[in-house]
Amino acid sequence: MPQAAAQRPLSALDKTEILGVLESENISVFFQPVVSVRAKGILGFEAFSRSISDTGARMDAHDLFGQNWDPETRLKLCRLCRRKALEAFRPIFERHPQMMLFLNTDGGALSAATKLGHLDAICQALNIPGKRVVIELERPYLNSPDVARFMLHYRECGFGLSVDLCGGMSVPAEELFALKPDFIKFDRPLFTDVDGQEFKRDMVQSLSRLADRLGSVLLAKSVESEDEALRLLQWGVIHQQGYYYTKDKDSAERDPIRAFQQKVEEINRRYRESAQADVAAKRKRYEDFHKVLKKVAYKMADTREHDFSAACERLVAAEESLVCAYVLTDDGIQFTPRSFKRSLGVDSPLLGPEKGRGSDHGIREDVLHLKSGFDKYVLPVQISPYMKLMVSTISARFYNAEGSPYILCLEFQSE
């Protein structure tokens, strides 16, 4: 085979070439591990189909399934690839019966399936239980009635469902709620090129909350580097797959399962070390915040209420980590304006002319907890709408020089 022909990019196939693949069953299967980094284990494998055309060009999944074939041809090709994947998976399953196979299914081919049960029959013939097979569907076909009919049948047979969101940045929430998949996969655009695009972390964490609501496992695909794996773990995504987790070329380990396992254990160890360092730094930071809170509250306790505003101004200027301070009444009404560190130059129209004075915070989480008996309360870290900084807000009750109860609210720059 000429080398140039083997590297020829295949932009489109004609019907003769795809019929040749169906006739010869010239399909190779490659597996990529799906891992749980937290559990230091391999859940299973996703199967990928490849082929070589008569001209020697390599055909990947896009070449095989990204063409405008008629549904009947697509269905034949899909069934061939699934059978080949199951046959290749069987030796793995016999040695590791806890493993799952993530099996891609062409949703655009299902309209040609006049009778369901082909996949189940192959699994039974190969003695692979349906509960170890996860049918994977891509986003464009999620609202198809043919997909709904197909999945209803296979869910009743015990098969799992994985939804691949592909490269999109938006979330098909309605379809996900209708299908309630076992796995939700998202791709590289959501976790790469993150500098200056911090919203990607928020999007992934929102997707994680949606998955929790659905009882689904959120899984990042196409992880290619250690940095990406660690970033995802920092964002709370513990289930991953990608070339990073495949066997290294220089690995001496002969058992591929064990080689994959070693990679998972290594990234678990590295994340644990970095996470422990982050936790230690966070603990030190919050210890410092609480020291400042104690110091400020002590000074406010010696202050009369008509001097609260001036005291807040002085204390914010004196404490390096403090960026904002204000006082609420015991019922949560803002008693003083917000005092910001002058270097921040805060001049937000959201504050109004009194910088929030008179605002009712009575139903805010910290106020409710303090009213129920807590001495102090830490609100979740958030971006301040006034300073556009990540801040931690710590609130505490105190009694001033006149013996009246108030609530002191301090905001610290968190990151």
- Task: Give the long-range amide H neighbours of G41: residues separated by 5 or more places, or on another chain, with amide H under 5 Å away, using H modelled in the peptide plane at 1.01 Å from N.
- Result: S36
- Message: Please report the antiparallel percentage of the DSSP beta bridges confined to the chain, to the nearest 5.
- Response: 65 percent
- Query: Using the Cα atoms as the points, what is the convex hull volume per residue of the stretch 324-415 in Å³?
  - Reply: 100 Å³
- Measure up K299/K376; K200/K355; K115/K221; K40/K76; K84/K180; K355/K376 against 26 Å on the Cα-Cα distance and list the ones that go over. K200/K355; K115/K221; K40/K76; K84/K180
- Note on the structure: In order over the stretch 226-235: 3J(HN,Hα) from phi, Karplus 6.51/-1.76/1.60, θ = phi - 60°, whole Hz, x for each Gly or Pro, gives 4, 4, 5, 4, 5, 4, 5, 5, 4, 7
- Given a 1.4 Å probe, how much area per residue of the chain is accessible, in Å²? 51 Å²
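How big is the stretch 90-168 by the Kirkwood estimate over distinct Cα pairs, in Å?
Result for the stretch 90-168 stands at 13.2 Å.
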- Query: Mind ordering 84-96, 328-340 by average Cβ neighbours within 10 Å, highest first?
  - Reply: 328-340, 84-96
- Message: In Å, what Kirkwood hydrodynamic radius results for the stretch 134-273 from the alpha-carbon pair distances?
- Response: 16.3 Å
- Message: From the P(r) of the chain, could you give the percentage of C-alpha pairs in the tail past 29 Å?
- Response: 59 percent
- Got a sec to turn the phi values of the stretch 161-168 into Karplus ³J(HN,Hα) couplings, 6.51 cos²θ - 1.76 cosθ + 1.60 with θ = phi - 60°, whole Hz, x for Gly and Pro? 9, 10, 10, 9, 6, 6, x, x
- Query: Can you run phi through the Karplus equation (6.51, -1.76, 1.60; θ = phi - 60°) for the stretch 323-328 and list ³J(HN,Hα) in whole Hz, with x for Gly and Pro?
  - Reply: 10, 7, 8, 7, 10, 10
- Query: How much accessible surface area, in Å² rounded to 10, belongs to the heavy atoms of V323 with a 1.4 Å probe?
  - Reply: 10 Å²
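Please find the FRET efficiency linking R149 to V279, where r is the Cβ-Cβ separation and R0 is fixed at 35 Å, and quote it to the nearest 0.05. Write out the running numbers ahead of the final one.
Numbers: r = 49 Å, r/R0 = 1.40.
Using R0 = 35 Å, I get an efficiency of 0.10.
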- Using a Gaussian network model of the chain whose springs link C-alpha atoms within less than 10 Å, name the residue from A121, A109, A229 with the highest mean-square fluctuation. A121
- Item | Percent accessible area from carbon and sulfur atoms, the chain, protein chains only, probe 1.4 Å | 50 percent
- Task: Would you mind calculating the gained length between C166 and L210 on full extension (0.36 nm times residue separation, minus the Cα-Cα distance), in nm to one decimal?
- Result: 14.1 nm
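If you stretched the chain out fully between E23 and H290, how much longer would it get, using 0.36 nm times the residue separation minus the C-alpha to C-alpha distance?
That works out to 88.9 nm of additional length.
The values are calculated or read from the model by the stated rules, or taken from the named source; none is laboratory data. Quantities reported herein were computed from a predicted structural model and do not represent experimental measurements. Backbone-built Cβ (ideal geometry, glycine too); neighbour counts: all protein chains shown. Note: areas computed on protein heavy atoms with side chains; ligands, DNA, RNA excluded. Shrake-Rupley method; radii C 1.70, N 1.55, O 1.52, S 1.80 Å.
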